[in-house]
Amino acid sequence: MMSYLEEHYELIHKTPRLFALHVTREQLLDTLHQITTHTSFDTLSQLTCTDWIEEERFELGYMLTNALRSHNLMLKCSIARDKVTMPSLALLFAQAEVMERELHEMFGIGFEGNETLYDFALEGWCDIPPMRREFDTLAYVNAHYDFREGREDNLDVKEEIKKRKAAAKSAKETPSGA
Amino acid sequence: MDEGFIPYQQSLEDEEQSIKSTQSVIEQAIAWFRAHSMFVLAYGTGCGAIEMPPTFTSRYDIERLGVVGVATPRQADILIVSGYCSPKTLKRVIRSYEQMSEPKYIIGLGSCTINGGMYWDSYNTIKKLDDFLPVDMYVNGCMPRPEALIEGFVKLQEKIRANSSEAGYIQYRTRYAHYRANQERLFGTQVQPRYEENFAGMNL
Amino acid sequence: MLLLDLLLMLLIAYGFGFLYYGLYRNLSARVHGRFGPSLAQSFSDSIKLFVKEESTTFGWMFYLGPVIMASGAVLNVLFIPFLNQGESLQGLSSYGNLIVVLYLMVLGPLGNALGVGSSGNPFGVMGVTRGLTRLLALELPFYLAAIGVMIDAGSADFGIIMQAQSTQSNMFAHPLLFAAAFISFLGFMGKSPFDVVGAPQEVYSGPATEFSGKFLALLMSQSAMFSFAKLLLMVNLFWGGADHLGELVAKTFVLFVAATFIGSVYARFSTVQSVEFLIRIPTLLGIVGLALL
Amino acid sequence: MFHFEATLLAHLFFGLSLLVILPLLRRRDLVLHLLLLLSLGILFYASSLATLFIGWEMMGWSSYFILASSARVATLQRYILFNLGGAFALLGAIALLYGFMGSLEYRDIDASLLPPWAMNAIALLLFVAVFVKSGIIGLHDWVVDSYSEATPLFSAILSAILSKAGIYLFIVMFMVLLKEGATEPLLFEIMAWLGVITSIVATFKAISQDEMRRLLAYSSIAQIGYIITILALMQGFALEAALYHTLIHTLIKLLLFMNIASIIAITQKERFSELGGMIYHAPVLFLLLVIGIIALAGMPLLGGFNSKFLIYTALLEEKRALLLGAVMFSSASAFLYCYKLVYGIYLGQRPQEASLHVSPKSYYLPQLLSAALLVLLALLPSLPVGYLSVIGVELGFAPLDDSNLFILQSAFGSFHGGALMGAFGVAFVALLGLLQLAHSKAKKVKDPLDISYCGEVPRSETNLHFGYGMGYELHRISFIAPLLRHHSRVLWDRLSLIASDFSALLSSLYSLSAQHVTLLALLLFTLLLLGGQ
Amino acid sequence: MERKVITIYHGPQHPGITGNMSVELDLMGETITRARTHVGYLHRGFEKLIERRTIIQAFTIVCRICVPEPDPNEANFALAVERLAGIEVSERASYIRVMVLEMARLGAQLLWMAGQSGSVGLGTVGQWSIYDRDLILDLFEQLTGGRVYHMYIYPGGVRRELPDGFLERLSALLDYLQKRLDAYDRLFFDNASFQKRAIGVGVVRGEEVLRRGFSGQVLRGCGFARDLRRDNPYLLYDQLEFDIPTQSAGDVYARALVRRAEMRESIRILRQVIAQMPEEGAIMQKLPKHRKFTLPKEDTYVAVESARGEFGYYMAGDGSEMIRRMQVKGPSLIHAFSLLEPLLVGEELSNVALIMNSLGICPPEIER
């Protein structure tokens, strides 16, 4: 099983049971097809996406696993952050449908051929897709929610540490003085 | 009682004695029955739902206090909001609360309902439940233990017996505009039906 | 005098109904390994519901539904004699008979079903449909047993049926009929495995989904009285009724405890399964019992 | 013409059939309806078998023509075919009787002279006629189709009146004319079971219908099934129970069909899946229907219970435990379709696009009348017993006790209608008062979609109406599902195929060559000769 | 307009739903003609929050991803960080981790039993099993200080030494549970009424199931002995003896039987852990200081077998002290959508809760 991959692709050995290989967006469907037919990696178990904002790309990871569930192979595919569509794998793997739906909502990535790209977890979200790096959750929170003002005995941790240090210092100084 | 988040509760407890003396016998009896029979709509909005089963089953057996779980909001007296609320859930919680019959009370379970708790910087959880719904009793902790929840019920019993005009459902009725404005601000265009419109208050 | 008698009967049914309901909660709590609520808890619940400040209604039929249901339960209590002798606690039983009571048992639920339907809630109607579907199988064994008892006594009159058992109660004279009726009775009491009607995990709360406040209180009160009436019916038909109130309490209590314990160790049958089960086993028991008559 | 010992019976049936003039309300097919009334008069008051048959046929044809204005051709064919079959059976029975008696006059018939085989043959033929008219299961297809395709008003007539003609025929034939005949008891036993099986199967079929009138048609079949069962006992109290049930059933079906006619006039819809939520639009109609279905379900507090009670006690008296069990089973199953009827139309959710018309006021009159009678009968259950008892005496049975109008007597006990009504009324008023006085205020939901819906909010286009789904689960129940399939339709379709094949074969006679015809003729001649010797 | 099919929601506020989610059902009668899962009621944006937190800060919230069984999350998090940062864990710490994971598994199975029995109205089982689960939670409290959330398995080891006499108490508890399991057999698994409800319902079968990415009892219930503890071992599972129970029917009852056997296997593993655990040894490696604890710009994927199936973490570092991306994959994501939706079609409404519980669908791990 490994030999086929070794022969045809530049396989990265991450651990003895976890491999990775890089594909381009165009190669993806073809490679997947080859791998699922020629090796035992025939199950899609996870679809990941990492936002490398400084490199202007999303890195999608198609995690494949074999029928024995003993080895994992990750197909990595980088796409530009602005041109965000991918071919859908829904016809290849039934479970891809919902994973793509999730990434669509969280990153705004379109999947051509997936009919179910409606709301997944969020209802009526009209801001930047939340998992993109440029989305600042704290700013969003500040804009949309009110925080409860703290208790009266609520202490600012940093101030308090400083105060205590100062107190300890002065306490140290006082006995020396006395 | 010096710990935890209690200023609002504390203020109520202080008033309790003075209110009690002004109640008639019948009012006291009614309040007693209300306090000793609490039908709970346990809405498992978040993690808090996991401590609900122990509370209701043989280890902690909250049925001793007359607390019973019911299935639908119509039958319930007390709504437990068990943990963080995403706006999507909050809509359903509000809907359920509005379908309950007065007098109705809310127990906010867990730190997340008080101030967002662990998820203080999450874009999808609310930080202050009492902006949107009148919370009668908060039980803090992450997770609050079943004992804490029972304590919350006992305190709520006291509050119900005090028959205070500060009770949440009265607040919700009288200050509906305030709560509604907060809800609308959060939900934007996707608002729920208006509580006032649903109930014409017609007496048959 | 009659009026006083009727009121006393209603009072007894109401009181014991709630006591048994409290007992049920307590006993099943013991099975669960906990203490459970106080005996009067159900009574407190109903009072609390009566004094809720508001109750939601969907119109006049919704309002009348629980009233019809409760009236049906009242009629049931009044038309079943409590004792097998004497003048007191006979109620209106001389004005009716077993067949009347068998039909009165369905009157209330049907009336309430109208109220449920008028709310427009699909869960309520699904509960009603489940109830009526289950009913068609539930009644058959009970009817067969009742027919056997009536033919045996030569009358549909409660007094005569109970007199006919003065030497040997029907439970021992016709054990198969008793078995058939008892299985049905479990279903009538809404006990597992025949508790499909209001199954919260399936149809929310079934027929009770939309009822709140005083409506729910009325439904609770009537169900307490109604279950006492069902116990009475079983005692009268198969255990020869009771000579005095003490015996009545003892007999109904035994029957009740049996139903409670059986109920707490069975999983709920689905509608189809309960119908199929009831049509097969208890009905066969009933038919064989009738053949042996 | 009136020289006939069962005049009172005829009065009863003709009295009921006067309702035929109902459609005068709408002035449609007036002549045909009068013809139908005439034919019923001839049928009921006949004093000879010839008149009886003429009445029977006229009834069939006049209703056929009335039906023709609205029904599909296939339905009409089915109607006429089944009715012709029944009529031929009747004719056969009459012919046999004539063969033995030499007269068609009622007074000349003495059944004790008939040999057993002839009596049984006559009985069988008559059974066929009766069963076709009452739609015993297997012969019921025409009933359902014609009821649902007639004009709404004519459905009421079909169900309330015409379905009773078979019952009349049975009573006249077996309890009056052929009373002395030595009919095999097994035949009646079979008839009793056929009746109860019909009622069970028809009840389940009724539950699974989506169309209001089809549901009621099956319900009619089921109710007539009880009557057939009870008549098969051939006892006086059974006859009275059957007549009482006939009376009640006429009232109920009149009420229900007229109610549905009103609904059809208002909404132009016929299916539960298209209706719903009419209660607040037509509360009076709703109440009338509720009275109808409570009576139909045989609940105490309305007249429907009286006849059920008589039927049950009659069966008890005969110690027919299993038969009674089956009847009660069918009766308990009927609750489901009763509820489906009222829920599907009046309760539940209103359809979105509902353009409503006004119901003709005249439709209310018969409904109000029947409802009032049903209530009256509940209060005074023994009211018709006196009359029925006289009919029974007329036919040679023992009279019934009707000393107290409030009490319905039977050998197996009695009940007091007034006490039941009174107790219910007092309990109802008291509880209603209690509810009104309760501390809790009733708050009416303004938006009908404000229902407990698991926290979600139903949209206005979400379908929440369970009218179609009610009873759908019966298909899953192993012993009910086979009953719901269209066995009889398949059977008759296959028969019609065979018949058409056969007629094709016969028609080939015309195309035979001359030699073949000669040969066949010779063969036939030889056979005849042999037969003659 | 024909209105034959009604639409109802099964959840979110419904006693028959497993957690805060909903299934939109189209019903013909009570027969389901279409089912659609709705989630998002519990979305908190964990993956976003973790991007803003240092490792120790992230550690405190990862356990909250799954409420019934938080420890696989902690284990996954620790394993992923250790793999990226190149940290080795001592044997003793690994044993303790295995112990914690198996205790959590046992607790989750008991909780599942309550849900499964509750879905068929057999409340008594739930009352008992939640009590027994509470005894496990008591031990957790002694060990970690928390009943539900333990925050115990930290990258580099575990956070605390075992309290005195802990293993003896655990062993006593296991004896007790062993006895209780027999009681559950009588009341629940061998109960004819439960069998009647569960056999032949929610059948998942065929070779296809492997390709569709199912895991856990769904696979083991239809004859595939797949268990990451054996197939892709982590911690010390390759040194422990245990069986992977399977059933072939693929229905609700088969999955229940698998879980029944798994509870016994967990007890067996725990007994081995108690016997084999080294008396002495460090429980925590020396770690870089809080602000210096960085992950290299690399990624990895780790997965453990939770009580419901494969629970995997994808983790990518970027050289800073924050985690660049952590993506959680719980078994429920696939089960709740691509398995549940078609599985419900044609079933009765009564079986919805039954099937959902049997698949062990837990919404917080679907949407995080």
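The values are calculated or read from the model by the stated rules, or taken from the named source; none is laboratory data. For clarity, every value in this text was computed on a predicted model and none was experimentally measured. Here Cβ is always computed from backbone atoms with ideal geometry, including for glycine, and neighbour counts include all displayed protein chains.
Brief remarks follow.
- Scanning the stretch D:119-141 for residues that are at pLDDT below 85 and assigned to a helix (DSSP H, G or I) yields one hit, D:Asp141.
- Residue within the stretch C:188-195 that is under 14 Å from the mean Cα position of the chain (by Cα), charged (D, E, K, R) and farther than 21 Å from C:Tyr103 by Cβ present: yes
- Residue satisfying condition, being part of a helix (DSSP H, G or I), at pLDDT below 90 and away from every other protein chain (no Cβ under 14 Å), within set E:Arg92, E:Arg83, E:Arg160: E:Arg92
- Filter pass, E:Arg205 being away from chain C (no Cβ under 14 Å), over 19 Å from the mean Cα position of the chain (by Cα), outside any loop (DSSP other than H, G, I, E, B) and at pLDDT below 85: no
- Of the residues making up the stretch B:42-68, those that are within 11 Å of chain C (Cβ to nearest Cβ), crowded, with 20+ Cβ neighbours inside 10 Å and touching a residue at least 12 places away in the same chain (Cβ under 8 Å) are B:Phe56, B:Arg59, B:Tyr60, B:Ile62, B:Gly66, B:Val67, B:Val68.
- Single condition C:Tyr143 does not satisfy, out of (1) within 12 Å of another protein chain (Cβ to nearest Cβ); (2) surrounded by fewer than 24 Cβ atoms within 10 Å (Cβ to Cβ); (3) more than 30 Å from E:Glu24 (Cα to Cα): (2)
- Test: residue in the stretch D:435-442 that is modelled with pLDDT of 85 or more and at the interface with another protein chain (Cβ under 8 Å from one of its Cβ atoms): yes
- You will find that of D:Glu240, D:Glu180, the residue that is of a type outside the set (Gly, Ala, Ser), farther than 22 Å from D:Gly86 by Cβ, in a helix (DSSP H, G or I) and modelled with pLDDT under 90 is D:Glu240 and no other.
- Residue satisfying all of: in the stretch D:463-484; more than 8 Å from chain E (Cβ to nearest Cβ) and buried (at least 16 other Cβ atoms within 10 Å of the Cβ); farthest from the chain's Cα centre (by Cα) among these: D:Ile477
- Residues that are in contact (Cβ under 8 Å) with a residue 24 or more places away in the chain and not in a helix (DSSP H, G or I) are absent from the stretch D:187-198 altogether.
- Options C:Leu49, C:Leu75: the member that is buried (at least 24 other Cβ atoms within 10 Å of the Cβ), within 18 Å of the chain's Cα centre (by Cα) and among the aliphatic types (A, V, I, L, M): C:Leu75
- Flag if D:Gly455 is closer than 25 Å to B:Tyr43 by Cα, in contact with a helix residue (DSSP H, G or I) (Cβ under 6 Å, 6 or more places away or on another chain) and within 14 Å of chain E (Cβ to nearest Cβ): yes
- Residue selected from the stretch D:274-296 under the condition β-branched (Val, Ile, Thr), within 11 Å of another protein chain (Cβ to nearest Cβ) and closer than 14 Å to D:Cys338 by Cβ, by the criterion surrounded by the most Cβ atoms within 10 Å (Cβ to Cβ): D:Ile293
- D:Leu302 more than 18 Å from the chain's Cα centre (by Cα) and facing chain C (nearest Cβ under 7 Å): no
- Test: residue in the stretch A:75-89 that is buried (at least 19 other Cβ atoms within 10 Å of the Cβ), facing another protein chain (nearest Cβ under 8 Å) and at pLDDT 85 or above: no
- Considering B:Glu102, B:Glu147, B:Glu166, the condition of being away from chain D (no Cβ under 14 Å), assigned to a loop (DSSP other than H, G, I, E, B) and in contact (Cβ under 8 Å) with a residue 60 or more places away in the chain is satisfied by B:Glu166 alone.
- Residues of the stretch D:228-237 classified as of a type in the set (Ser, Thr, Tyr) and in a loop (DSSP other than H, G, I, E, B), total: 0
- The residues on offer are B:Met143, B:Met137, and the sole one that is in contact with a helix residue (DSSP H, G or I) (Cβ under 7 Å, 6 or more places away or on another chain), at pLDDT below 85 and hydrophobic (A, V, I, L, M, F, W, C) is B:Met143.
- Only listed residue being modelled with pLDDT under 85, surrounded by 15 or more Cβ atoms within 10 Å (Cβ to Cβ) and under 30 Å from A:Tyr140 (Cα atoms), chosen from B:Phe132, B:Phe187: B:Phe187
- Test set (1) within 13 Å of another protein chain (Cβ to nearest Cβ); (2) at pLDDT 90 or above - E:Asn232 fails condition number: (2)
- Spans of strands (runs of 3 or more DSSP E) in the stretch E:1-66 with at least 3 residues within 14 Å of chain D (Cβ to nearest Cβ) and free of Cβ contacts under 8 Å to residues at least 40 places away in the same chain: E:6-10, E:22-28
- Single residue of C:Thr271, C:Thr283, C:Thr252 found to be within 14 Å of chain E (Cβ to nearest Cβ) and polar (S, T, N, Q): C:Thr271
- Among (1) buried (at least 23 other Cβ atoms within 10 Å of the Cβ); (2) at negative phi; (3) touching a helix residue (DSSP H, G or I) at 6+ places or on another chain (Cβ under 7 Å), the one test that E:Leu340 misses: (1)
- Of the residues making up the stretch C:88-102, at least one is among the hydrophobic types (A, V, I, L, M, F, W, C), part of a loop (DSSP other than H, G, I, E, B) and more than 8 Å from chain D (Cβ to nearest Cβ).
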